[in-house]
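Report on one structure; see the data block that follows.
The values are calculated or read from the model by the stated rules, or taken from the named source; none is laboratory data. Computed from a predicted structure; not experimentally measured. When we count neighbours, we look across all protein chains shown, and the Cβ atoms used for this are built from the backbone with ideal geometry, even at glycine.
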Amino acid sequence: MKTLGELFYMGGPGFMGVLTILLITMVAWIVYYFIVGYTSKMDANKVLRKLGYGRSIGLFAFITGILGQLIGLYMAFSDIAKVGNISPSVVFAGVKVSMIVTFYGFFIYLVSLILWFVATNIIERKLSKG
C-alpha cells in the first residue's frame, strides 16, 4: 500500500498541488458561509447560493482531475508511439498511475457534496424553526 505522499508524487505534483489548493479553498468557503449563515441574519437565499458555490469548486476539482488524467495519458501514449512495441503491463501500470489524480478530484467533489448537503440542511432547519 502506498502512502499519501507517494500517491501525491505519483499523481504529478502539479495537478495534485492544484487539487489540494482547491480542496482547501472549498472547505474554507463552505465553512465560512455556513458560519455566516448560521450566526447572522443574512438573507437565507444568498447564504444557500454561496454554499452552492462551494459545491461548484468541488466540481471544478473533479474536472481538473479528469483533465490531469487526460494530459497524462496523452503524454504516455505519445511516448509509446515514439518507442514502439511496449508490453501491456507497462501500459496498464501507466493507466493506473494516471487515475490517481482523477480519484483525488473525485474525492474532493464528494467531500464538497457532503459538506454542502450537511450545511444547507442545518441552515434550512434553523430558518424553518424561526
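Does segment 61-96 hold any residues that are of a type outside the set (Gly, Ala, Ser) and surrounded by 17 or more Cβ atoms within 10 Å (Cβ to Cβ), and which are they?
Within segment 61-96, Phe62, Thr64, Gln69 qualify.
Which one of these does Lys41 not meet: (1) surrounded by 11 or more Cβ atoms within 10 Å (Cβ to Cβ); (2) outside any helix (DSSP H, G or I); (3) basic (Lys, Arg)?
(1)
Conditions: (1) within 23 Å of Ala93 (Cβ to Cβ); (2) free of Cβ contacts under 8 Å to residues at least 24 places away in the same chain. Ile66 meets all but one. Number of the miss?
So the condition that Ile66 fails would be (2).
Of the residues that sit in segment 1-54 and are of a type in the set (S, T, N, Q) and either in contact with a His (Cβ under 9 Å, 6 or more places away or on another chain) or modelled with pLDDT of 85 or more (or both), which one is farthest from Ile66 (Cα to Cα)?
Taking the candidates together, the pick is Thr39.
Please count how many residues of segment 29-38 are under 20 Å from the mean Cα position of the chain (by Cα) and either hydroxyl-bearing (Ser, Thr, Tyr) or surrounded by 15 or more Cβ atoms within 10 Å (Cβ to Cβ) (or both).
5
Looking at segment 106-118, can you tell me whether even one residue there is hydroxyl-bearing (Ser, Thr, Tyr) and modelled with pLDDT of 95 or more?
Yes: segment 106-118 contains one or more residues that are hydroxyl-bearing (Ser, Thr, Tyr) and modelled with pLDDT of 95 or more.
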